[in-house]
Amino acid sequence: MPSSLTPDRLRKTCDPQKFTFETTEEMACIEGIVGQARAVQALNFGLGMFQPGFNIYMAGPAGTGKTTFITTFLQDLAPSKETPSDWCYVNNFRDPYRPHALKLPPGVGRQLREDMRRLVEAAKKDIPRSFESDEYVSQRESTISAFQKQREESFARLGEKAQAQGFALQSSHMGFLLIPLAEEGRPMESHEYQALSAEIKEEIQRRREVVDNEVKATLKQLRTAEKETNESLEHLDREVATFSVGHLVEDLLEKYTPYPQLLDYLNSVMQDIIENVDQFRQPPPQSQAQTPFTGMAGRDRDFHRYEVNVVVDNSGLKGAPIVSELNPSYPNLFGRIEKEAQFGALVTDFTMVRGGALHRANGGYLLLQAAALLSNPFSWEGLKRAIRCGEISVEEMAEWLGFTTTKTLRPEPIPLDAKLILIGNPWLYYLLLTMDEDFNELFKVKADFDTRMDRDVENEMNYAAFACTLCTKENLKPCDRAAVAKLVEYGSRLAEDQEKLSTKFGEVADLMREAHFWAQQDGSQYVSGSHVRKAAEEKVYRANLIQERIKEMIQRGTIKIDTIGQVVGQVNGLAVMGLGTFAFGRPSRITVALGLGREGLMDIERESRLAGRIHTKGVMILGGYLTEKYAQDKPLTLSARLVFEQSYEEIEGDSASSTELYALLSRLSSLPIKQGIAVTGSVNQKGEVQAIGGVNEKIEGFYEVCKAIGFTGEQGVVIPESNVAHLMLKEEVVEAVEAGRFHVYPVTTIDQGIEVLTGVSAGERQQDGTYPTDTVHARVDARLREIAEGLRKFGRDEGDREKKKETPEDKEDTPKST
């Protein structure tokens with residue numbers, strides 16, 4: 001029979017004397033991340049690959065420091081990179097609905113915006129001044145006077161010609177009228193004209209036609225002259241406007257010579273100012289109060305067309321940008337087109353285009369939380385499209401989805417050149433890999449963050465350096481070396497392994513903050529080991545209300561759990577209940593009912609649909625064990641029913657399969673099982689006990705029950721030998737084992753476990769296939785043989801009784817074979 005584990009095997013302690021420092025004040029802060037060599041190598045590879053699709057997915061559980069690490073890592077890397085360009089949207093004078101995008105060196109976008117503002121302000125002053133100059137007024141009046149003189153002379157000559165032909169020339173709103181003259185030179189009255197003979201009327205009509213032709217010719221000449229005059233005036237206005245703004249634009253053209261795209265824009269600006277010079281000649285409107293209803297009408301709408309909308313301003317940036325978008329909604333990622341109210345309608349223009357996180361991260365790095373990205377509608381599809389197309393498009397979501405056809409802006413797309421880094425859980429990575437065929441092509445690099453690292457001297461010192469870093473960063477009380485030793489032990493408890501340390505530094509940091517609080521309460525200068533232990537105990541106390549209630553119900557007998565005495569076919573199994581961030585072990589009574597029959601093993605949990613698939617598999621393995629062990633010389637026939645007593649929720653997992661087998665062997669052998677010993681562990685068909693999870697919580701859970709009911713010195717837990725390396729029990733349990741009040745038995749086989757539970761030797765199969773007398777297996781084998789014989793005898797007796805019931809008539813009716 002295996003012996004109980006010694007206290008030193010229940011918890012791997014950390015000797016504070018191994019540390020050369022007294023407090024973490026003497027330590028240097030940690031640099032980089034600890035225990036993530038694989039992830040660091042993957043990040044270096046992914047960040048160094050500039051080919052399409054080599055974006056990064058950082059996979060790891062929460063609390064492993066993924067976000068903190070990548071942010072720190074990029075902050076060290078980004079300053080050595082080239083600062084990306086500014087991006088501006090400017091008016092497209094040919095098609096205002098499609099604004100142009102300008103790429104400019106860092107800081108030039110802001111300069112251009114200010115230069116354009118000054119250009120417009122100067123033009124608003126210089127152009128009216130030029131048009132008010134004496135020279136301009138003189139040239140304009142001279143041109144107009146020349147035309148008016150020509151017009152007057154033409155009308156005078158036309159009047160003379162009309163009078164020579166016997167007509168008076170009068171102007172009206174309908175044009176010119178030719179009225180015949182009487183002999184005395186006065187206009188002829190209507191009745192006088194009607195009294196004329198037909199021959200005279202024909203003569204007048206002939207002369208009228210001659211004069212009409214003269215009028216038409218003269219008016220044509222005047223229209224041509226008027227057109228030429230207007231063109232001369234327009235040419236004069238353009239010359240004046242060019243003179244007024246030409247030097248301003250020429251200064252900008254000279255300043256921005258290295259940027260051809262910008263030169264084209266400046267030339268377009270100058271041409272548009274010249275073509276719309278009248279808006280500059282008008283006096284500026286009086287300022288009016290801005291209201292929600294004035295909107296763009298309250299601004300100089302005619303002049304803001306020359307503004308520069310800087311959507312990405314990298315003037316204050318040194319190196320590549322690092323952008324972390326915590327709310328990756330579609331507008332926050334890709335930008336939006338804002339609108340203003342104008343007389344009850346919503347209007348917009350290129351100055352209201354706003355960039356998103358992709359714009360700000362262009363040329364650098366964009367960090368996104370995968371869960372948040374996928375929970376925002378259309379963000380994931382939009383991001384995939386942007387990566388595939390290599391450009392950022394600012395679009396209305398409704399238009400992108402085809403829900404509206406309202407005319408709106410379509411800004412020119414901006415090329416995308418950013419390294420995208422998704423941060424999320426491993427299960428989300430595999431879900432995307434399985435469900436989205438594009439994911440593997442767009443995020444080809446996976447940086448896997450481990451939850452554990454080796455517990456060696458180097459990593460124990462890294463824990464101390466981490467404590468120093470956190471204390472310095474958050475102004476916590478320094479930790480002495482005893483406190484650091486307790487942190488190391490806590491790291492092994494989180495890792496559930498004596499030879500490992502947890503890399504969930506978020507949880508370690510929380511424990512340090514709580515220990516700092518208790519040190520403050522004690523008025524201590526330093527955080528000691530007792531403060532760390534106090535913090536861990538208080539953390540459990542705040543979360544274990546349900547565990548206390550269950551323990552109370554067991555203590556009062558509401559939930560039936562025996563910790564003293566011996567019972568046949570009854571064992572205390574152990575399970576783990578998870579309540580968010582807190583998990584605890586609780587015992588469950590498992591019983592077996594046995595009788596004659598051929599039903600085999602019946603799992604009541606399965607029959608009542610309260611068992612999961614893994615638990616069902618574990619129960620079915622028991623049949624394989626019984627067949628291997630006892631059905632070599634006889635058929636395996638029995639009717640046994642297994643049940644978790646007072647269980648009202650679904651049971652999952654195979655960690656109770658060995659417990660169920662012990663109960664079954666006890667019932668078959670009629671050997672009672674010690675109720676003070678609980679059991680956990682799965683089993684295979686060969687009778688080997690296999691490792692399970694949550695071993696620390698299970699042991700501590702049964703310990704608390706025994707503590708509440710009362711120790712007898714015989715209580716304990718049977719666990720798989722392969723779980724011994726995972727033991728990091730709380731110090732109270734270790735002290736109880738050391739005092740002999742509690743025991744932990746490691747077993748590798750069912751034979752060892754049944755000996756601990758019954759105190760009877762299991763027995764090994766002899767050469768003749770039998771087991772030694774009075775051993776567990778001999779008793780079980782005899783009972784199974786007895787059941788098989790009983791079933792065979794019962795079947796034979798049933799057959800005899802059926803034959804006696806047959807009548808002579810029945811025999812006559814029986815057909816005879818030929």
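The values are calculated or read from the model by the stated rules, or taken from the named source; none is laboratory data. Just so you know, these numbers come straight off a predicted model, no measurement behind them. Backbone-built Cβ (ideal geometry, glycine too); neighbour counts: all protein chains shown. Just the protein is used for accessible areas: all its heavy atoms, side chains included, with ligands, DNA and RNA removed. Shrake-Rupley method; radii C 1.70, N 1.55, O 1.52, S 1.80 Å.
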### Message
Step by step: first the residues of region 7-24, then only those that are open to solvent by 70 Å² or more (accessible area, probe 1.4 Å) and touching a strand residue (DSSP E or B) at 6+ places or on another chain (Cβ under 9 Å), then the one that is farthest from G740 (Cα to Cα). Which residue is that?
### Response
E22
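Given the structure, is G35 within 30 Å of N440 (Cα to Cα), surrounded by 14 or more Cβ atoms within 10 Å (Cβ to Cβ) and under 23 Å from the mean Cα position of the chain (by Cα)? It would help to see each step written out before you state the result.
Details: within 30 Å of N440 (Cα to Cα): yes; surrounded by 14 or more Cβ atoms within 10 Å (Cβ to Cβ): yes; under 23 Å from the mean Cα position of the chain (by Cα): no.
No: the conditions fail for G35.
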### Message
Just the residues that are within 13 Å of V394 (Cα to Cα) and either in a strand (DSSP E or B) or under 25 Å from the mean Cα position of the chain (by Cα) (or both), please, taken from region 340-366.
### Response
V353, R354, G355, G356, A357, L358, H359
### Task
Could you run through region 761-782 and say how many residues are open to solvent by 70 Å² or more (accessible area, probe 1.4 Å) and either closer than 26 Å to G595 by Cβ or over 60 Å from the mean Cα position of the chain (by Cα) (or both)?
6
### Query
Among (1) open to solvent by 10 Å² or more (accessible area, probe 1.4 Å); (2) under 19 Å from G578 (Cα atoms); (3) not β-branched (V, I, T), which single condition is Y703 missing?
(1)
### Task
Pairs only if they're at least six apart or on different chains, beta carbon under 8 angstrom, first in region 371-382 and under 9 Å from S329 (Cα atoms), second in a loop (DSSP other than H, G, I, E, B) and open to solvent by less than 30 Å² (accessible area, probe 1.4 Å); list them, first residue then second.
A372/P328; L373/P328; N376/P328; N376/S329; S379/P328; S379/S329
### Message
Looking for something under 30 Å from P478 (Cβ atoms), assigned to a strand (DSSP E or B) and open to solvent by less than 50 Å² (accessible area, probe 1.4 Å) - is there at least one such residue anywhere in region 575-593?
### Response
yes
### Task
Can you confirm whether region 247-260 contains a residue that is touching a strand residue (DSSP E or B) at 6+ places or on another chain (Cβ under 8 Å) and either open to solvent by 50 Å² or more (accessible area, probe 1.4 Å) or outside any helix (DSSP H, G or I) (or both)?
yes
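Residue check: is G491 touching a residue at least 60 places away in the same chain (Cβ under 8 Å) and part of a helix (DSSP H, G or I)?
No: the conditions fail for G491.
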### Task
Have a look at Q498, Q547, Q521, Q525 and point out the one that is free of Cβ contacts under 8 Å to residues at least 12 places away in the same chain and more than 33 Å from the chain's Cα centre (by Cα).
Q521
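Listed here are the residues, each with its yes/no results for (1) among the charged types (D, E, K, R); (2) crowded, with 19+ Cβ neighbours inside 10 Å.
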| position | (1), (2) |
| --- | --- |
| L428 | no, no |
| D436 | yes, no |
| E441 | yes, no |
| F449 | no, yes |
| D456 | yes, no |
| C468 | no, yes |
| T472 | no, no |
### Message
Quick check on my filter: what residues within region 369-421 are in contact with a Leu (Cβ under 6 Å, 6 or more places away or on another chain) and in a loop (DSSP other than H, G, I, E, B)?
### Response
G390, A418
### Message
List pairs: first residue in region 63-81 and over 20 Å from G491 (Cβ atoms), second residue open to solvent by 50 Å² or more (accessible area, probe 1.4 Å) and among the aliphatic types (A, V, I, L, M) anywhere in the structure, Cβ distance under 6 angstrom, at least six positions apart or on different chains.
### Response
L74/I322; A78/I322
#### Entry: Counted residues, region 676-690 - those being more than 22 Å from Y703 (Cβ to Cβ) and over 41 Å from the mean Cα position of the chain (by Cα)
5
### Query
For region 94-145, which residues satisfy the criterion of being open to solvent by less than 50 Å² (accessible area, probe 1.4 Å) and modelled with pLDDT of 90 or more?
P99, A101, L102, L104, P105, G107, V108, G109, L112, D115, M116
### Task
Among the residues of region 544-563, write down those that are closer than 17 Å to E700 by Cβ and polar (S, T, N, Q).
N544, Q547, Q555, T563
#### Entry: Scan of region 38-68 for residues that are aromatic (F, W, Y) and either touching a Phe, Trp or Tyr at 6+ places or on another chain (Cβ under 8 Å) or closer than 30 Å to E307 by Cβ (or both), ordered by number
Y57
## Note on the structure
Residues of region 183-196 being small (G, A, S) and either at pLDDT below 70 or touching a Lys or Arg at 6+ places or on another chain (Cβ under 7 Å) (or both), in sequence order, are G185
### Query
Pick from region 474-488 the residues that are open to solvent by 10 Å² or more (accessible area, probe 1.4 Å) and not in a helix (DSSP H, G or I): which of them is farthest from R533 (Cα to Cα)?
N475
### Query
Can you tell me which residues in region 633-646 are in a loop (DSSP other than H, G, I, E, B), at pLDDT 90 or above and either under 18 Å from V718 (Cα atoms) or in contact with a Leu (Cβ under 8 Å, 6 or more places away or on another chain) (or both)?
none
### Task
Take region 38-52 and flag every residue that is of a type in the set (A, V, I, L, M, F, W, C), open to solvent by 70 Å² or more (accessible area, probe 1.4 Å) and assigned to a loop (DSSP other than H, G, I, E, B).
F50
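Please go through region 736-760 and pick out each residue that is without any contact (Cβ under 8 Å) to a residue 40 or more places away in the chain and open to solvent by 10 Å² or more (accessible area, probe 1.4 Å).
A739, G740, R741
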### Query
How about region 219-232: which of its residues are open to solvent by less than 20 Å² (accessible area, probe 1.4 Å) and at pLDDT below 80?
L222
### Query
Which of the residues that make up region 561-613 are among the β-branched types (V, I, T), closer than 19 Å to Q715 by Cα and either free of Cβ contacts under 8 Å to residues at least 60 places away in the same chain or in contact with a Ser or Thr (Cβ under 7 Å, 6 or more places away or on another chain) (or both)?
I564, V568, V571, I590
### Query
Considering only region 299-339, how many residues are under 26 Å from the mean Cα position of the chain (by Cα) and not in a loop (DSSP other than H, G, I, E, B)?
13
### Message
Condition first: farther than 30 Å from P96 by Cβ and of a type in the set (S, T, Y). Now tell me which residues in region 402-441 satisfy that.
### Response
Y429, Y430, T434
### Task
Restrict the check to region 663-684 and report whether at least one residue is open to solvent by 10 Å² or more (accessible area, probe 1.4 Å), of a type in the set (A, V, I, L, M) and either out of contact with any His (no Cβ under 9 Å at 6 or more places or on another chain) or without any contact (Cβ under 8 Å) to a residue 12 or more places away in the chain (or both).
yes
### Query
Within region 332-354, can you find the residues that are within 19 Å of L383 (Cβ to Cβ) and out of contact with any strand residue (DSSP E or B) (no Cβ under 8 Å at 6 or more places or on another chain)?
none
